[in-house]
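Structure record follows, encoded as structure tokens.
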Amino acid sequence: MKVLRIILPLVILGGGASLAYWILVTKPEPRQRNFIPGPTQVEVVTLQPSAYQVELETQGTVRARTESTLIPEVRGRILEIGSNFQDGAFFKEGEVLLRIDPRDYETEAVVD
């Protein structure tokens, strides 16, 4: 009985291996086909320069390149705000950004 338990699995494995070998050895050869490549077709297009709008979707934080803080040397009510006194605007030297009511600082100058 012990001999049968050892020999039977070996016989089954041997038979399976023999069957697999026989299948691999006797398989039919695939047909050989002669492949002749055809001519390659190429389409040629002459490019013309043209202008078009490029749209990019991005994310980020926009920051000013430079920042300035205006600190008045005198007190007074703001009477006028210049047209270029806004975020991101440019201004030139001598351009009026704010006009302050002169009465407060003129009164202080007289008192001193």
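Scanning the range 58-95 for residues that are within 23 Å of Glu108 (Cα to Cα) and not charged (D, E, K, R) returns Leu70, Ile71, Pro72, Val74, Gly76, Ile78, Leu79. Look at the range 31-52: where a residue is touching a residue at least 40 places away in the same chain (Cβ under 8 Å), no partner that is in a loop (DSSP other than H, G, I, E, B) and of a type in the set (Ser, Thr, Tyr) sits 6+ places away or on another chain with Cβ atoms under 8 Å. Residue pairs whose Cβ atoms lie under 8 Å apart, sitting 6 or more positions apart in sequence or on different chains, and linking a residue in the range 77-101 that is on the phi > 0 side of the Ramachandran plot to a partner that is surrounded by 11 or more Cβ atoms within 10 Å (Cβ to Cβ) and modelled with pLDDT under 85, do not occur here. Out of all the residues in the range 68-77, is one or more modelled with pLDDT of 85 or more and either exposed (fewer than 11 other Cβ atoms within 10 Å of the Cβ) or of a type in the set (Ser, Thr, Tyr) (or both)? Looking for residues that are modelled with pLDDT of 85 or more and either exposed (fewer than 11 other Cβ atoms within 10 Å of the Cβ) or of a type in the set (Ser, Thr, Tyr) (or both), one finds at least one in the range 68-77, hence yes. Of a type in the set (Val, Ile, Thr) and in a helix (DSSP H, G or I): is that true of Val54 in this structure? When the stated conditions are applied, Val54 does not pass them.
Test Arg99 against the stated conditions and say whether it is touching a strand residue (DSSP E or B) at 6+ places or on another chain (Cβ under 7 Å), modelled with pLDDT under 90 and surrounded by 10 or more Cβ atoms within 10 Å (Cβ to Cβ). It is true that Arg99 is touching a strand residue (DSSP E or B) at 6+ places or on another chain (Cβ under 7 Å), modelled with pLDDT under 90 and surrounded by 10 or more Cβ atoms within 10 Å (Cβ to Cβ).
The values are calculated or read from the model by the stated rules, or taken from the named source; none is laboratory data. As the structure is a prediction and not an experimental result, all values here were calculated from the model. Positions of Cβ are generated from backbone atoms using ideal geometry, with glycine treated the same way; all protein chains shown enter the neighbour counts.
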